[in-house]
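The structure under discussion appears below in the form of C-alpha cells.
The values are calculated or read from the model by the stated rules, or taken from the named source; none is laboratory data. Worth saying up front: this structure is predicted, and the values here are computed from it rather than measured. Neighbour counts run over all protein chains shown; Cβ positions are idealised from the backbone, glycine included. Each accessible area value is taken on the protein alone, full model and side chains, heavy atoms only, with ligands, DNA and RNA left out. Shrake-Rupley method; radii C 1.70, N 1.55, O 1.52, S 1.80 Å.
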Amino acid sequence: HAKEKGRNQVQLFENGMNIRAVNMMKISGELHQALEKNQMELYYQPQFSLSDGKLVGVEALVRWNKPGAGLVYPGDFIPLAEQTGMILPLGQWILESACRQLQLWHARGLGPLRMAINLSARQFRQPGLVQDIASLLDKLKLDPESIELEITESMLMEEMEMAVATMASLSSLGIKLAIDDFGTGYSSLAYLKRFPIHRLKIDKSFIKDLARENEDAAIVASIITLAHSMKIAVIAEGIENEYQLQQLGRQACDEGQGYLLAKPMPAEEIEPLLCQDFRYPVLRN
Ligand code: C2E
Ligand code: MG
Ligand code: MG
Ligand code: MG
C-alpha cells in the first residue's frame, strides 16, 4: 500500500509542479554556466598499437570541474546534456577543443597522432554537423585523416538512411569512423557492411571477462577475425591486466586502450608521452 501511495504522490507532484521540467531547466542552466565559466576540461587517454606498443592516438574524454564537487565524470552529465539539448553547444566545444589541441601538438612536432572524439546521438543527427566539422578542420588546417569520430551501434540503427548519409559525408572528407562499445548493441557485423567504418572498439565488458570466460574469448576472437575480413581495424577498450593484453595480442587485435597501458590524463600530463618513440611500459622493460 505504501508503495502505491508513494507512486500516486509522485504522480501528483509531477503533474502539479512539473518537477521534472524544473529539474531539467536547472541542470541545463548549470551545464550552460559550466561551459561559460570554463569548467569543462578534456582528458586524453592514449591508444596503443599492440604489435609494437607504440602510442598511435588519444581519445578525448570530457570532465566537469564543478566547484565544490570536484571532477564530475561524463556518465553523470552527458545523458542529462543529451536530454536537455545542452549536448549541442557542449559537443561543439568538445570538437573544437580536441581539434585545437591536436593542431597544437602537431605544430610542435608531436605525433603523428590521431584524435578520437565521442559524438552523442543528438550531435550525430544534427543537420549541420558535417559542415561544422568541415569548416572547423579547414579553419585549423588540420588533416581530416587524423580525426576519428566514435559513435555507437544504436546511433546507426535509428534513422539508418540518415546515418549512412552522414557517415558517407564524413568519410569522404577523410575523417575516420569508429564504432564504440561494439558488441553491446543489436547490430551484426554483416550489417556493418552498409556503413563506412574504419574501426571497431570492442566493449570493455568483453575484455573484462576475457580472463574468466572462454565464451568471451571466443566472441572477441570472432569479432577480430570478421572485422579483419571486412578490412576493419579493431581496438580493445578497458585493458586492465597483462593477461588480457596477452590474449588480445595473440588474437591479432590491432590496438588497445586501458588503465594497464595509460589512464586518461590532462593535456599537460600526456605531452611527455607524445614523442614518437613512446611505447607502453609493459613492452618497454
Ligand atoms: P567510452 O567512449 O566508451 O569511453 C571509455 C570509458 O572507459 C572512459 O570513461 C574511460 O575513462 C574508461 N576507461 C578507460 N580505460 C579503462 C579501463 O581500463 N577500465 C575501465 N573500467 N574503464 C576504462 P569516462 O571518461 O568516464 O567516459 C564514459 C563515457 O562517457 C564514454 O564511454 C563516452 O560514452 C561518454 N563520453 C566521454 N567523453 C565524452 C564526450 O566528449 N562526448 C560525448 N558525447 N560522450 C563522452
Ligand atoms: Mg569512446
Ligand atoms: Mg567505449
Ligand atoms: Mg563505454
Residue selected from segment 139-194 under the condition of a type in the set (Ser, Thr, Tyr) and within 16 Å of ligand 2 (Cβ to nearest atom), by the criterion nearest to Arg108 (Cα to Cα): Thr152
So Ser171, is it open to solvent by less than 50 Å² (accessible area, probe 1.4 Å), at pLDDT 95 or above and either farther than 26 Å from Ala81 by Cβ or of a type in the set (Phe, Trp, Tyr) (or both): yes
Lone qualifier among Arg122, Arg108 - being out of contact with any Gly (no Cβ under 6 Å at 6 or more places or on another chain), closer than 26 Å to Leu273 by Cα and open to solvent by 30 Å² or more (accessible area, probe 1.4 Å): Arg108
Residues of segment 212-253 that turn out to be open to solvent by 50 Å² or more (accessible area, probe 1.4 Å) and under 20 Å from the mean Cα position of the chain (by Cα), as a count: 1
Output for segment 105-124, where each listed residue is closer than 24 Å to Ile78 by Cα and in a helix (DSSP H, G or I): Ala121, Arg122, Gln123, Phe124
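For every residue, the table says whether it meets (1) within 20 Å of Glu59 (Cβ to Cβ); (2) within 16 Å of ligand 1 (Cβ to nearest atom); (3) touching a residue at least 24 places away in the same chain (Cβ under 8 Å); (4) hydrophobic (A, V, I, L, M, F, W, C).
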| residue | (1), (2), (3), (4) |
| --- | --- |
| Arg199 | yes, yes, yes, no |
| Lys204 | yes, yes, yes, no |
| Asp209 | no, yes, no, no |
| Glu215 | no, no, no, no |
| Ala221 | no, no, yes, yes |
| Ile224 | yes, no, yes, yes |
| Ala227 | yes, no, yes, yes |
| Ala233 | yes, no, yes, yes |
| Gly238 | yes, yes, yes, no |
Hits in segment 53-83 (condition: under 18 Å from the mean Cα position of the chain (by Cα) and among the small types (Gly, Ala, Ser)): Gly57, Ala60, Gly75, Ala81
Selected residue [loosely packed, with under 13 Cβ neighbours inside 10 Å, within 16 Å of ligand 1 (Cβ to nearest atom), closer than 30 Å to Glu41 by Cβ and over 22 Å from the mean Cα position of the chain (by Cα)] from Pro281, Pro272: Pro281
Residues (buried (at least 17 other Cβ atoms within 10 Å of the Cβ) and either under 12 Å from Ala34 (Cβ atoms) or of a type in the set (Gly, Ala, Ser) (or both)) located in segment 67-91: Phe77, Ala81, Met86, Leu90, Gly91
Residue count for segment 47-66, restricted to those that are open to solvent by 50 Å² or more (accessible area, probe 1.4 Å) and hydrophobic (A, V, I, L, M, F, W, C): 0
Pro127 vs. criteria open to solvent by 10 Å² or more (accessible area, probe 1.4 Å) and in a loop (DSSP other than H, G, I, E, B): yes
Filtered residue count, segment 84-104, keeping only those that are outside any loop (DSSP other than H, G, I, E, B) and farther than 13 Å from Val62 by Cβ: 7
Filter result for Trp93 (out of contact with any strand residue (DSSP E or B) (no Cβ under 6 Å at 6 or more places or on another chain) and at pLDDT 95 or above): yes
Complete set of residues in segment 173-191 that are away from ligand 3 (no atom under 16 Å from the Cβ) and closer than 25 Å to Ser49 by Cα: Leu173, Gly174, Ile175, Leu189
